[in-house]
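J.: The structure under discussion is supplied below as structure tokens; questions concerning it will follow.
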Amino acid sequence: MSKLSHIDEAGAAHMVDVGSKADTERLAVAETTVLMQQETLTLIIAGDLPKGDVLAACRIAGVMAAKKTSDLIPLCHPLALTSVKIEINPISDCEIKIIARVKTRGQTGVEMEALTAASVAALTLYDMAKAVDKGMIIQNTRLILKEGGKSGRYEAEK
């Protein structure tokens, strides 16, 4: 493992200086899944939950979360994002997958923005559906793709 970039020689945490890095196109894609009762998924898809359109709220929450990542995660740089897309798809009769795709042109990557977007979208789904299913499980949050920058491409194993 290489040296941690957020730790200085004395062991103190610090924000990494990216000032000398060139601007490059950056992309990160993260995913998470939410397990729930089959009836819960049916209500979400039909738009029949009392709090309204769960999927629309999740997409908006994911976009907002990506934009606010530097306010939530210590030492993250505030970034000018060029695109945030949130996909929400049922993958079984009791599971939804949320995929967050985040882009920028800048000096540092958008992995944390993608992970934050996916996570907050899932938390929003939980909040909106908890009245009918408190046992939902948010799981398997992970980075699945990263492109751009000095470290190049990363793709998670399927």
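The values are calculated or read from the model by the stated rules, or taken from the named source; none is laboratory data. Because the structure is a prediction, the values reported are computed rather than measured. Please note: Cβ atoms are built from the backbone with ideal geometry, for glycine as well, and neighbour counts cover all protein chains shown.
J.: Is it the case that Cys94 is within 16 Å of Leu125 (Cα to Cα) and not aromatic (Phe, Trp, Tyr)?
T.: yes
J.: Report, by residue number, each residue of region 82-127 that is hydrophobic (A, V, I, L, M, F, W, C) and in contact with a Lys or Arg (Cβ under 6 Å, 6 or more places away or on another chain).
T.: Ile86, Ile91, Val110 - these are the residues of region 82-127 that are hydrophobic (A, V, I, L, M, F, W, C) and in contact with a Lys or Arg (Cβ under 6 Å, 6 or more places away or on another chain).
J.: Failed condition for Gly149, given (1) touching a Ser or Thr at 6+ places or on another chain (Cβ under 7 Å); (2) small (Gly, Ala, Ser); (3) modelled with pLDDT of 95 or more; (4) within 20 Å of Ala28 (Cα to Cα), with all others met?
T.: Result: Gly149 passes all but (3).
J.: Which residue pairs have Cβ atoms under 7 Å apart, sit 6 or more places apart or on different chains, and have a first residue in region 57-79 that is over 14 Å from Val120 (Cα atoms) and a second that is in a helix (DSSP H, G or I) and charged (D, E, K, R)?
T.: Pairs that qualify, where the first residue is over 14 Å from Val120 (Cα atoms) and the partner is in a helix (DSSP H, G or I) and charged (D, E, K, R), are Leu79/Glu113.
J.: Turning to a different aspect of this structure: Select from region 104-123 the residues that are under 12 Å from the mean Cα position of the chain (by Cα) and either closer than 18 Å to Ala156 by Cβ or β-branched (Val, Ile, Thr) (or both) and list them in ascending order.
T.: Val110, Glu111, Met112, Glu113, Ala114, Leu115, Thr116, Ala117, Ala118, Ser119, Val120, Ala122
J.: Does any residue of region 74-93 turn out to be basic (Lys, Arg) and out of contact with any strand residue (DSSP E or B) (no Cβ under 9 Å at 6 or more places or on another chain)?
T.: No, that holds for no residue.
J.: Sticking with this structure for a sec: State whether one or more residues within region 134-142 are crowded, with 20+ Cβ neighbours inside 10 Å, farther than 17 Å from Thr32 by Cβ and either over 13 Å from the mean Cα position of the chain (by Cα) or not acidic (Asp, Glu) (or both).
T.: no
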